[in-house]
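A short worksheet on the structure shown next.
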Amino acid sequence: MGSLSGHLLVAAAKLNDPNFSRTVVLLVEHDRGGALGLVLNRPGAESLDRVWDESANGPCPADVVVMNGGPLEGPLLALHANPVMTERDIVPGVFLAMRKDLVVTLVRDNHAPLLVFAGYSGWGAGQLDAEVAAGDWRIAPATSDLVFGDSDSLWQRATTHVADTNLAAALRIKHRPAKPWHN
């Protein structure tokens, strides 16, 4: 399997792992050594001001919900749309900041859209490929609309997106109207 960096992993309905049931994960990195991703639709229980003291000096300038990026602990990470503040381009209009100074600046300057994550999702070499082959995950190209859209409906929207993409490919449809029932 080629690299899935910049793609969404959409949990199959049968996936019962409590860490990933009905989740959508943005793959930030995927190569032979493994994969790293961020769960896009799991708001964490804490707001940014509770973890801010550990990340920056001074009071937290914004009331932002910290997303639960996955079961693995790590530093605060941010997905944003400011190409000047990027360490990695993920897809057009979606950038990743991992360095503390960039995350702090993005929050302080109130850049929007902005998603801040505590934790991440990780897979060892070959592990994600095996899970995809077993049917635990569906794959879809990521878009900024999906990444920064409503997280509550994301799994349903991404599941529909995957199904529409697969149907269009199977039927060799080049363009699917937004409301095909109006034809």
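Quick look at the values:
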quantity	calculated
The lone exception for Leu48 - which of (1) in contact with a helix residue (DSSP H, G or I) (Cβ under 9 Å, 6 or more places away or on another chain); (2) modelled with pLDDT of 95 or more; (3) not basic (Lys, Arg) it fails	(2)
Elements of type helices (runs of 4 or more DSSP H) in segment 96-183, at least 2 residues being among the polar types (S, T, N, Q)	154-171
Filter result (farther than 16 Å from Ser121 by Cβ, in contact with a strand residue (DSSP E or B) (Cβ under 7 Å, 6 or more places away or on another chain) and surrounded by 14 or more Cβ atoms within 10 Å (Cβ to Cβ)) within segment 27-60	Ser47, Leu48, Val51
Unmet criterion (only one of (1) surrounded by 12 or more Cβ atoms within 10 Å (Cβ to Cβ); (2) modelled with pLDDT under 95) for Ser121	(2)
Among the candidates Asp145, Asp63, residue that is free of Cβ contacts under 8 Å to residues at least 12 places away in the same chain and either exposed (fewer than 13 other Cβ atoms within 10 Å of the Cβ) or closer than 22 Å to His30 by Cβ (or both)	Asp145
Given (1) within 11 Å of the chain's Cα centre (by Cα); (2) among the small types (Gly, Ala, Ser); (3) under 21 Å from Ala112 (Cβ atoms), number of the condition Gly70 does not satisfy	(3)
Close pairs from segment 22-34: first touching a residue at least 12 places away in the same chain (Cβ under 8 Å), partner assigned to a strand (DSSP E or B) and basic (Lys, Arg), Cβ under 9 Å, at least 6 apart	Val28/Arg88; Glu29/Arg88
Sole residue being small (Gly, Ala, Ser) and outside any loop (DSSP other than H, G, I, E, B), chosen from Gly44, Gly70	Gly44
Candidates Val66, Val104, Val84 - the one that is within 19 Å of Ser151 (Cβ to Cβ) and of a type in the set (Val, Ile, Thr)	Val66
Qualifying positions in segment 1-26 - within 21 Å of Ala125 (Cα to Cα) and of a type in the set (S, T, N, Q)	Ser3, Ser5, Asn19
Close pairs from segment 82-93: first touching a residue at least 60 places away in the same chain (Cβ under 8 Å), partner surrounded by 12 or more Cβ atoms within 10 Å (Cβ to Cβ) and outside any strand (DSSP E or B), Cβ under 6 Å, at least 6 apart	Ile90/Gly6; Val91/Gly6; Val91/Ala142
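The values are calculated or read from the model by the stated rules, or taken from the named source; none is laboratory data. It should be emphasised that the depicted structure is a prediction, and the values quoted were computed from it without experimental measurement. Cβ sites come from the backbone with ideal geometry, for glycine too, and all protein chains shown count toward neighbours.
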